[in-house]
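Rule-based calculations on the coordinates, nothing more; no lab input. Computed from a predicted model, the values in this text were never measured in an experiment. Every residue, glycine as well, gets a Cβ built from its backbone with ideal geometry; the counts of neighbours run over all protein chains shown.
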Amino acid sequence: MLRAFFIILLSISVSQPNPVYANHKLSEILDGIRKRYGYLPGLTISYKREIITKSMAMLGEQMSRDLASGKIHFKPPYLLRIQQETPRSEVVITDGKTLWWYIPQKKQVYRHPANKSAQELRLLSDIFQGLREVEESFVSELSSLDNEGEYQLKLIPNPPWPQIEQVNLIVKKGDFHIRVVEIHNYLGSITRFILGDLTVRERFEEGFFRFVVPDDVKVMEEGG
């Protein structure tokens, strides 16, 4: 589930705004995102996810897509819990050191060192902390000024990442709500997360970001 989150490609035709104006507007947008997200104690946000392969994209996305939905819980700087609700229950939890992917239906949980997903986790951390350190990890571009009610941002990893080619964000004007996250890689697939309303969380219950293996669940080590 987590790996699928980070396999994407999006093709968008956009007009190119005046460079000077675009740079000024980009700074204004990033500042707005930081003010909205950058100092939250924690958050919960619903999501809908769709995965479109390269062949689907070439056919105009007319083929059946891999769809899922659930909730994302995040507490700075790196505590993350992704609870997929449909089409089946799955949970991804990390405390920044160990990443667990639990599939109750199979009675299996996969355990990975978090450093194996360091770039992906940093990406999520950057997004949900308001892109506070975006200049250190990405080249940022304003893709379009034409969409009514929305901004489109492009984030290109710098230095380049082995899998992720770029990340696109769709941000609502006015309140700077990050509505869509699209990440694309060099394989030509698209993964799109449509984010719902955000709930600010002052605190989470004790152990919320810690996974305890149930007695009847088999632990699968990375590569096992």
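Projecting the Cα atoms of Gln163, Leu153, Val219 onto the charge dipole of the range 153-224 (Cβ charges, centred on the Cα centre) puts Leu153 farthest toward the positive pole. Other residues whose C-beta falls under 11 angstrom from the C-beta of Thr86 contribute a net charge of +1, scoring Lys and Arg +1 and Asp and Glu -1.
Restricting the range 150-224 to trypsin sites (Lys or Arg not before Pro) that sit in a DSSP loop and have at most 11 other Cβ atoms within 10 Å of their own Cβ leaves Arg203.
Answer rounded, prolate or oblate for the range 134-214, using the Cα gyration tensor with square roots of eigenvalues a ≥ b ≥ c: rounded when a/c is under 1.5, else prolate when a/b is larger than b/c, else oblate. It is oblate, given that a/c is not under 1.5 and a/b is not larger than b/c.
Net charge near Val134, counting Lys/Arg +1 and Asp/Glu -1 over other residues with Cβ under 12 Å of its Cβ? Could you put the intermediate results ahead of the total?
Working: positive: Arg34, Arg122, Arg132, Lys154; negative: Asp31, Asp126, Glu133, Glu135, Glu136, Glu141.
So the environment of Val134 carries a net charge of -2.
Other residues within the sphere of radius under 10 Å centred on the Cβ of Ile183, judged by their own Cβ, net out at -2 (K and R +1, D and E -1).
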